[in-house]
Amino acid sequence: TMGCRTRVFADRHGEDTSVGRGNLSFTTVNIVKIAIESAREAQENLGINFELGKGSEQYMTEKYNKEVKKIFLNKLEKYTDIAARQLYDRYTFQCTALKKQFPLLMAGLWNGSEKLAPNDKVEPLLKQGTLGIGFIGLAEALIVLTGKHHGESEKSQELGLEIVRTMKEEVDGYYDKYDLNYSVLATPAEGLSGRFTKIDRATYGITHGVTDKDYY
């Protein structure tokens, strides 16, 4: 389990506490990739072509802004759903494990572990953990979508908040659908931020202020 990925507190299946629990699994959605795909699709739909990224003067048409936002939010919901479903698959596999396979965690570190026999499945305990859906590169995604990040434009700031709200609303739906502690989080940078940047640069080329950096 990873407790550093999100502040574990609220619990559908036990006491609201950060002690004796953890994040079971988490998956990060690369929203920069989604933004690049959406921007290219919007340009194609509208029959226009301009260079994406910081400093472009061709972003600010109402028609383009509406089109790219609609495409992006639809794709965001799609990929968030994929993340939620694969997290559930991982959770159901984890639940087949037996207490005796985790002698350290099940020696009282995990809430309720003392109530299980060695050959009992750990599912009743894992229901108290969280399943995290993360995002990375919000600033860079906004540069792709609007030409500016959230610290440079009020409109970009508003769109950034809408993106996070959209993810939160989607994740709240899985919280109820699966009756599990799904959460949404801004993924810590660590190695993933640079890895995504390299992949996107190799796939889409250089985008000023986005893929020309070492990390998101």
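The values are calculated or read from the model by the stated rules, or taken from the named source; none is laboratory data. All values reported here derive from a predicted model rather than from experimental measurement. Reconstructed Cβ throughout: ideal geometry from the backbone, glycine too, with neighbour counts over all protein chains shown. Note: accessible area is taken over every heavy atom of the protein model, side chains too, but ligands, DNA and RNA are not part of it. Shrake-Rupley method; radii C 1.70, N 1.55, O 1.52, S 1.80 Å.
For the range 160-202, the set of residues classified as among the β-branched types (Val, Ile, Thr) and more than 15 Å from Ile31 (Cα to Cα) consists of Val171 only. Which of the residues belonging to the range 13-54 are touching a residue at least 12 places away in the same chain (Cβ under 8 Å) and acidic (Asp, Glu)? Those that are touching a residue at least 12 places away in the same chain (Cβ under 8 Å) and acidic (Asp, Glu): Glu15, Glu37, Glu41, Glu51. Any residue in the range 67-80 that is in a loop (DSSP other than H, G, I, E, B), surrounded by 16 or more Cβ atoms within 10 Å (Cβ to Cβ) and among the aromatic types (Phe, Trp, Tyr)? Looking through the range 67-80, none of the residues is in a loop (DSSP other than H, G, I, E, B), surrounded by 16 or more Cβ atoms within 10 Å (Cβ to Cβ) and among the aromatic types (Phe, Trp, Tyr). Of the residues making up the range 161-182, those that are open to solvent by less than 30 Å² (accessible area, probe 1.4 Å) and part of a loop (DSSP other than H, G, I, E, B) number 1. Identify the single condition in (1) crowded, with 22+ Cβ neighbours inside 10 Å; (2) part of a helix (DSSP H, G or I); (3) of a type outside the set (A, V, I, L, M) that Lys155 does not satisfy, given that it satisfies every other one. The failed condition is (1). Of these, Glu57, Glu51, which one is modelled with pLDDT under 95, within 22 Å of Gly137 (Cβ to Cβ) and surrounded by fewer than 16 Cβ atoms within 10 Å (Cβ to Cβ)? None of the others qualify; the one that does is Glu51. Kindly indicate whether Ser153 is free of Cβ contacts under 8 Å to residues at least 24 places away in the same chain and hydroxyl-bearing (Ser, Thr, Tyr). Yes. Residues in the range 183-194 that are outside any loop (DSSP other than H, G, I, E, B) and either open to solvent by 50 Å² or more (accessible area, probe 1.4 Å) or touching a Gly at 6+ places or on another chain (Cβ under 8 Å) (or both): Ser183, Val184, Leu185, Ala186, Ser193. In the range 195-210, the qualifying residues are those that are open to solvent by 50 Å² or more (accessible area, probe 1.4 Å) and part of a helix (DSSP H, G or I), and the one that is farthest from Glu37 (Cα to Cα) is Arg195. Taken over the range 88-124, residues that are open to solvent by less than 80 Å² (accessible area, probe 1.4 Å), of a type in the set (D, E, K, R) and in a helix (DSSP H, G or I) amount to 1.
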